[in-house]
Amino acid sequence: MGGTLGKRGVHTGDPGGAHKGDLGSCTWEAGGAHLGGTPRGLGVAPGGLHTLRGGCSWDPRDAHTGGLQVGLHVGVPLPHAWGCWGVSAPCIQQGHPQCACHEPVCNWEAAGGVPRVGPGRPPTLTLCPQWPYCRKHCSYCSFNKYVVPAVDEAAVRACLVREARTLLRLGGVQSVTSVFFGGGTPSLASPHTIAAVLEAAAEAAHLPAGAEVTLEANPSSASPTRLAGFRAAGVNRLSVGVQSLDAAELRLLGREHTVDEARAAVEAARGLFPGRTSIDLLFGLPGQSLEAWARSLEAALGLCDDHLALYQLTLERGTALEARVRRGALPTPPQDLLADMYHTARAVLAAAGFRQYEVSNFARKGALSTHNLSYWRAEQYVGVGPGAHGRFVPWGEGSQQREARVQTPHPDAWMREVQSRGHGTRRRVALSPLEQLEELLALGLRTDEGVTQQRWGRFSPQLPLRAVFGGPGEAMALQQQGWLLLDGRGLRCTPEGLAVLDSLLPALLCQLQRTAGTGGRGTEDAGGQGQEAAGAQGPEAHGGQGMEAAGRQDTEAAGEQGTEAGRGHGP
């Protein structure tokens with residue numbers, strides 16, 4: 001029997017159908033087990049035995065069709081829990097998960113010897129294109145952005161497309177689960193550019209119909225006509241950088257838009273993207289009172305859709321606003337006031353039916369951002385564009401280890417590099433197993449679900465979560481003090497602990513380093529986002545740094561390559 005690969009990458013059960021696109025032939029047994037088929041259509045014997053060396057593919061339901069660069073699956077259970085033929089380079093181009101002796105790749109179903117996927121999965125990740133240009137410099141923004149007289153958009157578009165194709169293929173990516181256009185001010189790009197990048201992602205890897213595609217928008221470049229163009233290009237979620245609904249505060253921040261423009265942009269976005277429009281707000285501005293913040297929250301609730309991202313303003317050195325505060329021209333917000341602002345926001349939004357699913361992010365009616373959740377769950381992502389950051393395993397180079405990557409920041413230099421070699425990666429660092437666990441902990445604890453037992457097991461199959469944090473030590477003390485919970489679900493902060501995560505993390509990281517540094521061996525390279533990530537800023541928390549807790553424990557990476565997370569600094 002055959003199966004047709006539909007738009008979402010699943011077999012529709014059409015008897016006799018053939019795979020479309022890059023996939024070759026495929027057969028299914030009566031019970032639904034995938035028996036064969038490879039991108040090149042290599043032959044498969046009944047029962048799933050590859051008849052040619054090097055043949056390997058993955059079906060959309062995650063059934064492993066077998067095949068390593070050397071050695072063949074023989075249809076019998078292996079003597080150890082995680083089946084793994086010792087090979088030096090697994091099917092890199094087909095996106096097979098790593099297969100070294102210390103890495104879990106697949107297990108075998110006892111009945112019939114049909115290989116099944118274990119913790120190693122076909123490479124799926126998120127894509128984070130960056131548009132680095134802005135029309136003006138906001139007084140608080142330290143992002144990688146450029147204000148230029150004119151932009152050669154055709155040249156930038158061609159480079160974004162080429163780099164996306166290069167890096168997705170380098171990562172052996174089979175499916176892009178979500179896309180987030182960040183910046184800079186990506187709403188200054190034309191819908192044509194947005195569509196071209198999405199088409200490149202769909203060509204280089206599968207982009208499922210309905211995958212979350214978010215674009216960050218500045219209210220001054222978010223007219224109804226322009227937003228309709230973005231929707232036609234494939235955008236289905238909008239993150240609007242409102243930042244404040246107070247005219248004086250907008251002037252202090254150096255924002256380009258007015259309060260009326262912000263309201264009009266959000267209303268237009270809600271009409272075009274109902275239930276999928278997020279707005280960003282900043283608090284903790286110099287001179288801002290608790291009463292002024294409460295008024296801003298009430299105004300936001302009267303305007304917003306079902307998602308809000310709230311950030312405590314971080315005074316970044318080198319910005320105009322930080323310089324004014326340092327000179328004494330503006331007051332430094334007291335820490336007690338910042339804490340009161342945070343707690344006020346949590347109470348007001350909870351009363352309005354919002355769930356705080358992450359330090360800085362609130363949603364109701366199930367409107368959580370799947371893209372941003374992918375960062376906090378320590379999944380892979382590819383950053384494309386000037387200054388973009390990424391975390392992925394470059395299978396195409398024969399590597400089996402996750403890398404932290406940073407693209408060349410200046411647009412002109414980046415374009416020259418992309419034109420000459422297909423991508424503009426300026427820096428790449430291989431991340432150790434311990435670094436990935438540190439990242440998993442630092443990001444996962446930002447969420448209300450925390451670090452689940454299942455996710456930890458993917459990264460550290462030999463050292464359970466309870467073995468690290470269940471014994472006497474810092475984590476136990478934090479549990480006894482009411483800040484932390486460790487149970488069958490995993491490790492997570494209490495609501496009170498989430499508000500002070502910044503102060504909890506150093507002790508937890510010390511305990512992890514002490515325990516895993518001696519007892520941990522191996523993490524799932526297709527998983528975490530790395531130590532560099534664990535140090536600086538993060539997903540939907542970079543920028544405004546989302547509350548007290550968001551201070552410095554998330555990823556440098558995620559802030560630059562786009563989630564609303566980074567939008568404390570706007571577009």
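Selection of segment 317-376 for residues being of a type in the set (A, V, I, L, M), under 28 Å from Gly182 (Cβ atoms) and within 27 Å of the chain's Cα centre (by Cα) yields Ala345, Leu349, Val359, Ala363, Ala367, Leu368, Leu373. Among the residues of segment 331-354, those that are touching a strand residue (DSSP E or B) at 6+ places or on another chain (Cβ under 8 Å) and either more than 19 Å from Leu297 (Cβ to Cβ) or open to solvent by 20 Å² or more (accessible area, probe 1.4 Å) (or both) comprise Arg346, Ala350.
A quick yes/no check of all residues on (1) buried (at least 19 other Cβ atoms within 10 Å of the Cβ); (2) small (Gly, Ala, Ser); (3) closer than 23 Å to Pro224 by Cβ:
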{"site": "Ile279", "(1), (2), (3)": "yes, no, yes"}
{"site": "Ser296", "(1), (2), (3)": "yes, yes, no"}
{"site": "Ala299", "(1), (2), (3)": "no, yes, yes"}
{"site": "Asp306", "(1), (2), (3)": "yes, no, yes"}
{"site": "Glu316", "(1), (2), (3)": "no, no, no"}
{"site": "Ala329", "(1), (2), (3)": "no, yes, no"}
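Taking segment 138-167 as the range and being closer than 23 Å to Leu125 by Cα and open to solvent by 50 Å² or more (accessible area, probe 1.4 Å) as the test, the residues that pass are Ala158, Arg162, Arg165.
Determine if segment 139-149 includes at least one residue that is in a loop (DSSP other than H, G, I, E, B), in contact with a Leu (Cβ under 6 Å, 6 or more places away or on another chain) and modelled with pLDDT of 95 or more. For segment 139-149, residues in a loop (DSSP other than H, G, I, E, B), in contact with a Leu (Cβ under 6 Å, 6 or more places away or on another chain) and modelled with pLDDT of 95 or more: present. Screening Ala347 with (1) part of a loop (DSSP other than H, G, I, E, B); (2) out of contact with any helix residue (DSSP H, G or I) (no Cβ under 7 Å at 6 or more places or on another chain) gives one miss only, at (1).
For Ala320, state whether it is in contact (Cβ under 8 Å) with a residue 60 or more places away in the chain and either under 22 Å from Gln243 (Cα atoms) or of a type in the set (D, E, K, R) (or both).
Values: in contact (Cβ under 8 Å) with a residue 60 or more places away in the chain: yes; either under 22 Å from Gln243 (Cα atoms) or of a type in the set (D, E, K, R) (or both): yes.
Answer is yes for this residue.
The lone criterion from (1) hydroxyl-bearing (Ser, Thr, Tyr); (2) crowded, with 19+ Cβ neighbours inside 10 Å; (3) under 26 Å from Ala205 (Cβ atoms) left unmet by Thr370 is number (2).
Scanning segment 391-402 for residues that are more than 15 Å from the chain's Cα centre (by Cα) and either closer than 15 Å to Arg169 by Cα or assigned to a helix (DSSP H, G or I) (or both) yields Pro394, Trp395, Gly396, Glu397, Gly398, Ser399, Gln400. In the condition set (1) open to solvent by 10 Å² or more (accessible area, probe 1.4 Å); (2) assigned to a strand (DSSP E or B), Arg405 is compliant with all but (1).
Kindly check whether there is at least one residue in segment 147-154 that is out of contact with any Lys or Arg (no Cβ under 8 Å at 6 or more places or on another chain), in contact (Cβ under 8 Å) with a residue 12 or more places away in the chain and closer than 30 Å to Leu330 by Cα. Scanning segment 147-154 turns up at least one residue that is out of contact with any Lys or Arg (no Cβ under 8 Å at 6 or more places or on another chain), in contact (Cβ under 8 Å) with a residue 12 or more places away in the chain and closer than 30 Å to Leu330 by Cα.
The values are calculated or read from the model by the stated rules, or taken from the named source; none is laboratory data. Computed from a predicted model, the values in this text were never measured in an experiment. In this analysis, Cβ positions are derived from the backbone assuming ideal geometry, glycine residues included, and neighbour counts consider all displayed protein chains. Note: accessible area is taken over every heavy atom of the protein model, side chains too, but ligands, DNA and RNA are not part of it. Shrake-Rupley method; radii C 1.70, N 1.55, O 1.52, S 1.80 Å.
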